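> What follows is a single structure, and I will ask about it in a moment.
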């Protein structure tokens, strides 16, 4: 009897999990929500039903997705349903078209630039983290781009995460497997005429990013800085600090600007660290002091003060309405890497949550940290 019940529970669990890979196409969603173009590259294997699951593929596929943002959307929120999404309330996919070549990708980049009158052909590449499916990555990429009014074209690299809470070990292997695909994605974006490339990675995607940068620079010294001329941003990086420093040391030139967003209250990273045997559960994304990173040309941005209104303590940068307001007010993603006006933070944050810049602590502004010495 017990075995029978367990079998039923497992069947229900696996069925529910499988739903997360579904990506319904709703063409009429563009009549309801705000459409946003998300280009995608993926090393996920296509399933017989046309979905991209967790299987690994040596072939890098490209596509163009039209994601719609529901009219009820508020900054930081991400509402979606794997079955029967309602475009009035949920993020949805209105269209999916394959991109067969780099030449075709170039023409679509040019079209976006002309339609939006962008002075620069700028491309932001988003790399997701652990436990993320293909459609969920598309929704998250679109949400972030919409909420900060991201300029330029958006590309997401969808590496073969298991997309399950119990798939952490699988995702570590897949992250390493996906290095070549991410490098090839960047190379294709560059060949497609991108004049400025920004690489943004979250959680385990940061580990993937650093591994990719290291391997590419070892083969072609200086490649990372030459190619990623818009900079690199690691958000809540699930990465050992010693390993990060080793990877940085292998780069001939560190891409500039280079930002690391951290939060001391990131519980997911605390668990990750303890699973790896560290007493304090510390990862790069939840370090308590940036002193040991001073020798690297990077900006460490402490988001701890924004945790209070964030829907996810492990993704404050995308789920804190107050922080998104700061980023959106900047007008251009490049401002994220530069000094943040403290008066703007004071207007948004409650008095008890204001960011205090004190020596030996993480700072919102690198310049202020230097002045306080």
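The values are calculated or read from the model by the stated rules, or taken from the named source; none is laboratory data. The shown structure was predicted, so the numbers you read here are calculated from the model rather than taken from an experiment. Note: ideal-geometry Cβ built from the backbone for every residue, glycine included; neighbour counts use all protein chains shown.
> Of the residues that sit in segment 64-98 and are over 20 Å from the mean Cα position of the chain (by Cα) and under 15 Å from residue 40 (Cα atoms), which one is surrounded by the most Cβ atoms within 10 Å (Cβ to Cβ)?
Checking each candidate, the answer is 94.
> Say whether the condition of being modelled with pLDDT under 95, part of a helix (DSSP H, G or I), under 20 Å from the mean Cα position of the chain (by Cα) and crowded, with 17+ Cβ neighbours inside 10 Å is met by at least one residue in segment 147-154. Give the steps one after another, and end with the answer.
Here is the first cut: in segment 147-154, the residues modelled with pLDDT under 95 are 147-152.
Now restrict to residues that are part of a helix (DSSP H, G or I): 147.
The next check asks that each one be under 20 Å from the mean Cα position of the chain (by Cα); those that pass are 147.
Restricting the remaining residues to those that are crowded, with 17+ Cβ neighbours inside 10 Å gives 147.
Scanning segment 147-154 turns up at least one residue that is modelled with pLDDT under 95, part of a helix (DSSP H, G or I), under 20 Å from the mean Cα position of the chain (by Cα) and crowded, with 17+ Cβ neighbours inside 10 Å.
> Answer yes or no as to whether residue 166 is assigned to a strand (DSSP E or B) and under 26 Å from residue 57 (Cβ atoms). Let's see the steps before the verdict.
Numbers: assigned to a strand (DSSP E or B): no; under 26 Å from residue 57 (Cβ atoms): yes.
Here the answer is no, as residue 166 does not meet what is asked.
> May I pose another question? Is it the case that segment 321-342 has a residue that's modelled with pLDDT of 80 or more, out of contact with any strand residue (DSSP E or B) (no Cβ under 8 Å at 6 or more places or on another chain) and more than 30 Å from residue 225 (Cβ to Cβ)?
yes
> Residue pairs, Cβ under 7 Å, 6 or more apart or interchain, first in segment 267-284 and within 14 Å of residue 204 (Cα to Cα), second modelled with pLDDT of 80 or more and outside any loop (DSSP other than H, G, I, E, B). List them.
As it stands, the answer is 269/285; 269/286; 270/286; 283/269; 283/272; 284/241; 284/244; 284/260, since those pairs meet every condition given.
> Here are some residues: 30, 38. Which one is more than 12 Å from residue 133 (Cα to Cα) and outside any strand (DSSP E or B)?
Numbers: 38 fails: outside any strand (DSSP E or B).
It is 30.
> Which of the residues spanning segment 173-183 are surrounded by 16 or more Cβ atoms within 10 Å (Cβ to Cβ) and part of a helix (DSSP H, G or I)? Working first, answer last.
Restricting attention to segment 173-183, the residues satisfying the condition of being surrounded by 16 or more Cβ atoms within 10 Å (Cβ to Cβ) are 174-175, 177-179, 181-183.
Within segment 173-183, 174, 175, 177, 179, 181, 182, 183 meet the criteria.
> How do the helices (runs of 4 or more DSSP H) wholly within segment 193-260 filter down when requiring 2 or more residues that are at pLDDT 95 or above and within 15 Å of the chain's Cα centre (by Cα): which remain?
Output list reads 204-219.
> Something else about it: Somewhere in segment 99-120, is a residue touching a strand residue (DSSP E or B) at 6+ places or on another chain (Cβ under 8 Å), closer than 20 Å to residue 198 by Cβ, loosely packed, with under 15 Cβ neighbours inside 10 Å and in contact (Cβ under 8 Å) with a residue 12 or more places away in the chain?
yes
> Oh, and also: Could you say whether any residue in segment 41-50 is in a helix (DSSP H, G or I), under 29 Å from residue 179 (Cα atoms) and modelled with pLDDT of 95 or more?
Keep residues of segment 41-50 that are in a helix (DSSP H, G or I), which gives none.
No: segment 41-50 contains no residue that is in a helix (DSSP H, G or I), under 29 Å from residue 179 (Cα atoms) and modelled with pLDDT of 95 or more.
> Run down 242, 250, 220 and say which single residue is closer than 19 Å to residue 199 by Cα, without any contact (Cβ under 8 Å) to a residue 24 or more places away in the chain and surrounded by fewer than 17 Cβ atoms within 10 Å (Cβ to Cβ). Reasoning before the result, please.
Working: 242 fails: closer than 19 Å to residue 199 by Cα; 250 fails: without any contact (Cβ under 8 Å) to a residue 24 or more places away in the chain.
Among 242, 250, 220, only 220 is closer than 19 Å to residue 199 by Cα, without any contact (Cβ under 8 Å) to a residue 24 or more places away in the chain and surrounded by fewer than 17 Cβ atoms within 10 Å (Cβ to Cβ).
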